[in-house]
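Colleague: Please find one structure pasted underneath; my questions will follow.
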Ligand code: NDP
């Protein structure tokens, strides 16, 4: 392949000052891998926003093509599992952090990182879901594995109008949970209710320092926010409930006491999507294909072009993106 393609490249100078450029690259410029994938759709995650704005040390090899999620078609493979023409999805594995990522026309990847694009989804559908939707699904599966079900009581979702939160609301509601959506954007109450939220609360109820234990309000939670919010969610979780912790939009700290754990038997379930094992990924994508309606996908995803990625990266870090951004590649 000698065709050039556009890519976003993050570089650093000797003084460690970061710059971001749109460059032309050729397949020879890519890093090692046994499968070349034509990127047909990608997305802008919070993490991509942090990488492009330089607000957190996401990039760990310089220069770097950011972008942690992609869907596309195999163009070349020396991996026995994949052949030319296969439709695939990639989430995480350090792509966009230590290995050239999704914001390029072509990606060279390791075959074991890929999962098949579920037949139900187009490349753009898969990117409306992206790491956010797949993480929300991993969280739902973790709650189910902890033995929780809707009969046990309501489920809270924090950061509800963001990417992870929107999918968490929709996926829990689809399985019959009474979902309490916590958001700083109460103007999005109708959006959250359209996804299946039964109640919408203002995130200020949870974001300030709170008591070690509070009134029992929910049996389960999916938290994309961390910090005082997660501490307060835990403090108000019912006896033997569980909370899946997957994000840090408010902060990386967790100012909690042991009270919810030792007095109410509450469990805190850690969710990592980046290095999740392949069987968990396959299970999550299969359940996403089963549970998500076209209507939900349509209302969560907003379509932009390659040229819109940089602006979207700034917007997501500034909390101006509702749901998910889908990048349709040229
Ligand atoms: P988004 O930016 O789309 O959503 C984050 C949401 O958090 C915002 O929409 C907002 O929701 C809320 N929020 C933002 N700032 C604050 C604040 N200061 N205090 C309280 N709430 C706040 O990001 P994603 O949904 O893509 O990701 C959410 C989090 O999950 C991020 O921290 C991300 O890094 C993490 N993540 C972790 C993964 C893992 O593998 N564990 C995978 C994917 C994401 P609202 O306006 O409704 O209040």
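The values are calculated or read from the model by the stated rules, or taken from the named source; none is laboratory data. Since we're looking at a predicted model, the values are computed, not measured. Here the Cβ is made from the backbone with ideal geometry for all residues, glycine too, and neighbour counts use every protein chain on show.
Colleague: Condition first: within 16 Å of the ligand (Cβ to nearest atom) and either over 18 Å from the mean Cα position of the chain (by Cα) or farther than 23 Å from residue 225 by Cα (or both). Now tell me which residues in region 104-144 satisfy that. Give the derivation first.
Modeller: Residues of region 104-144 within 16 Å of the ligand (Cβ to nearest atom): 113, 115, 126-143.
Of everything in region 104-144, those that are within 16 Å of the ligand (Cβ to nearest atom) and either over 18 Å from the mean Cα position of the chain (by Cα) or farther than 23 Å from residue 225 by Cα (or both) turn out to be 113, 115, 126.
Colleague: Among the residues in region 62-69, are any surrounded by fewer than 22 Cβ atoms within 10 Å (Cβ to Cβ) and assigned by TED's automatic domain parsing to the domain that holds residue 103?
Modeller: Looking only at region 62-69, we keep the residues that are surrounded by fewer than 22 Cβ atoms within 10 Å (Cβ to Cβ), and these are 62-63.
Keeping just the survivors that are assigned by TED's automatic domain parsing to the domain that holds residue 103 gives 62-63.
Scanning region 62-69 turns up at least one residue that is surrounded by fewer than 22 Cβ atoms within 10 Å (Cβ to Cβ) and assigned by TED's automatic domain parsing to the domain that holds residue 103.
Colleague: Oh, and also: Condition test on residue 23, is it within 16 Å of the ligand (Cβ to nearest atom), more than 25 Å from residue 166 (Cβ to Cβ), touching a residue at least 12 places away in the same chain (Cβ under 8 Å) and in contact with a strand residue (DSSP E or B) (Cβ under 7 Å, 6 or more places away or on another chain)? Even if it seems obvious, please write down each step before you answer.
Modeller: Numbers: within 16 Å of the ligand (Cβ to nearest atom): no; more than 25 Å from residue 166 (Cβ to Cβ): yes; touching a residue at least 12 places away in the same chain (Cβ under 8 Å): yes; in contact with a strand residue (DSSP E or B) (Cβ under 7 Å, 6 or more places away or on another chain): yes.
No: the conditions fail for residue 23.
Colleague: Output yes when any residue across region 295-307 is within 14 Å of the ligand (Cβ to nearest atom), without any contact (Cβ under 8 Å) to a residue 24 or more places away in the chain, under 19 Å from the mean Cα position of the chain (by Cα) and surrounded by fewer than 17 Cβ atoms within 10 Å (Cβ to Cβ), and no when none is.
Modeller: Going through region 295-307, the residues within 14 Å of the ligand (Cβ to nearest atom) turn out to be 300-302.
Next, from what is left, pick out any that are without any contact (Cβ under 8 Å) to a residue 24 or more places away in the chain: none.
Within region 295-307, none of the residues are within 14 Å of the ligand (Cβ to nearest atom), without any contact (Cβ under 8 Å) to a residue 24 or more places away in the chain, under 19 Å from the mean Cα position of the chain (by Cα) and surrounded by fewer than 17 Cβ atoms within 10 Å (Cβ to Cβ).
Colleague: Next up: Within region 281-288, is there a residue that is modelled with pLDDT of 95 or more, more than 16 Å from the ligand (Cβ to nearest atom) and in a loop (DSSP other than H, G, I, E, B)? Walk me through how you get there before you give the answer.
Modeller: Of region 281-288, the ones modelled with pLDDT of 95 or more are 281-288.
Applying the additional criterion that residues be more than 16 Å from the ligand (Cβ to nearest atom) yields 282, 286-287.
Pick out the ones that are also in a loop (DSSP other than H, G, I, E, B) and you get none.
Checked against the condition, which is being modelled with pLDDT of 95 or more, more than 16 Å from the ligand (Cβ to nearest atom) and in a loop (DSSP other than H, G, I, E, B), region 281-288 yields no hits at all.
Colleague: Please state which one of 274, 325 is within 19 Å of residue 132 (Cα to Cα), assigned to a loop (DSSP other than H, G, I, E, B) and touching a residue at least 24 places away in the same chain (Cβ under 8 Å). Steps first, answer last, please.
Modeller: Details: 325 fails: assigned to a loop (DSSP other than H, G, I, E, B).
Sole residue among the options that is within 19 Å of residue 132 (Cα to Cα), assigned to a loop (DSSP other than H, G, I, E, B) and touching a residue at least 24 places away in the same chain (Cβ under 8 Å): 274.
Colleague: Return a yes/no flag: does region 232-250 have any residue that is in a strand (DSSP E or B), within 18 Å of the chain's Cα centre (by Cα) and under 23 Å from residue 316 (Cβ atoms). Lay out the reasoning, then the answer.
Modeller: The initial filter retains those residues of region 232-250 that are in a strand (DSSP E or B), namely 237-245.
Next cut, within 18 Å of the chain's Cα centre (by Cα) only: 243-245.
Narrowing further to those that are under 23 Å from residue 316 (Cβ atoms): 244-245.
Yes, region 232-250 contains a residue that is in a strand (DSSP E or B), within 18 Å of the chain's Cα centre (by Cα) and under 23 Å from residue 316 (Cβ atoms).
Colleague: Follow-up. From the list 93, 82, 62, which residue is outside any strand (DSSP E or B) and touching a residue at least 60 places away in the same chain (Cβ under 8 Å)?
Modeller: Numbers: 82 fails: touching a residue at least 60 places away in the same chain (Cβ under 8 Å); 62 fails: touching a residue at least 60 places away in the same chain (Cβ under 8 Å).
Matching residue, one of 93, 82, 62: 93.
Colleague: Now for a different question. Filtering region 148-186 down to residues that are more than 20 Å from residue 295 (Cα to Cα) and modelled with pLDDT under 95, which residue is farthest from the ligand (Cβ to nearest atom)?
Modeller: 186
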